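Some notes on the structure that comes next.
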Amino acid sequence: MIEEREIMTRLVRAVPAYGPLLDRYLQEQAQEGRTERLIYLETGDFARWLVGTVGRGEHTWVHPFADALEDLLVNGDDETRRIAVIGLIEDIQDACVETNVDPDLFMNSLGMASRAKWFETIHWRFRGNFERWRGSIKPPPASSDQ
């Protein structure tokens, strides 16, 4: 099982270009006397950075990220899976909406578990307001048992 403490290591292994940014952030935190890792802030920053990178036309890291995300969802413990959805999928979707980056650039690379969570999140986050969702690939209708 992948544990919470392994998430950022796995993301940086998949997307090494983010490593120096994480290192700098952790150094700043240490200089300010903070020793506790704030995983939701770290994954949120990673998600926004990745969307910004894609928005500038650099798609190199989308597939490796998607593979790492799938691994977190399939092999992670409960908290790891929760962080993968809240700290990565939700933040990527929100950043795409806020910056007009095509979310399909991410969705098209997702594995089965990630894709299911991707659409589940769209239904939850954008219900009653689907016009905000910029993806050309619309989610399937929500099932009545959700």
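The values are calculated or read from the model by the stated rules, or taken from the named source; none is laboratory data. These numbers were taken from a predicted model, which means no experiment stands behind them. Virtual Cβ from ideal backbone geometry, glycine too; neighbours counted across all protein chains shown.
If you go through region 28-64 and pick out every residue that is in contact with a Ser or Thr (Cβ under 8 Å, 6 or more places away or on another chain) and of a type in the set (Phe, Trp, Tyr), you end up with 1. Among the residues of region 10-30, is any surrounded by fewer than 20 Cβ atoms within 10 Å (Cβ to Cβ), within 22 Å of Glu120 (Cα to Cα) and of a type in the set (A, V, I, L, M, F, W, C)? Checked against the condition, which is being surrounded by fewer than 20 Cβ atoms within 10 Å (Cβ to Cβ), within 22 Å of Glu120 (Cα to Cα) and of a type in the set (A, V, I, L, M, F, W, C), region 10-30 yields no hits at all. Report yes if Glu79 is among the charged types (D, E, K, R) and farther than 20 Å from Met1 by Cα, otherwise no. Criteria not met by Glu79. In the set Thr35, Thr80, Thr60, only one residue is touching a strand residue (DSSP E or B) at 6+ places or on another chain (Cβ under 6 Å) and of a type in the set (Val, Ile, Thr); that residue is Thr80. Among the residues of region 117-137, is there at least one that is among the polar types (S, T, N, Q), modelled with pLDDT of 95 or more and either out of contact with any Gly (no Cβ under 6 Å at 6 or more places or on another chain) or under 16 Å from Ala68 (Cα atoms) (or both)? No, every residue in region 117-137 fails to be among the polar types (S, T, N, Q), modelled with pLDDT of 95 or more and either out of contact with any Gly (no Cβ under 6 Å at 6 or more places or on another chain) or under 16 Å from Ala68 (Cα atoms) (or both).
Does region 86-110 hold any residues that are surrounded by fewer than 19 Cβ atoms within 10 Å (Cβ to Cβ), under 24 Å from Leu38 (Cα atoms) and β-branched (Val, Ile, Thr), and which are they? If the condition is that a residue be surrounded by fewer than 19 Cβ atoms within 10 Å (Cβ to Cβ), under 24 Å from Leu38 (Cα atoms) and β-branched (Val, Ile, Thr), then Ile86 is the only one that fits. Entry remark, region 10-68: residues being free of Cβ contacts under 8 Å to residues at least 12 places away in the same chain and aromatic (Phe, Trp, Tyr) number 0 in total.
Per-residue answers, yes or no, for (1) over 14 Å from the mean Cα position of the chain (by Cα); (2) of a type in the set (A, V, I, L, M, F, W, C):
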| site | (1), (2) |
| --- | --- |
| Gly52 | no, no |
| Phe65 | no, yes |
| Ile89 | no, yes |
| Phe126 | yes, yes |
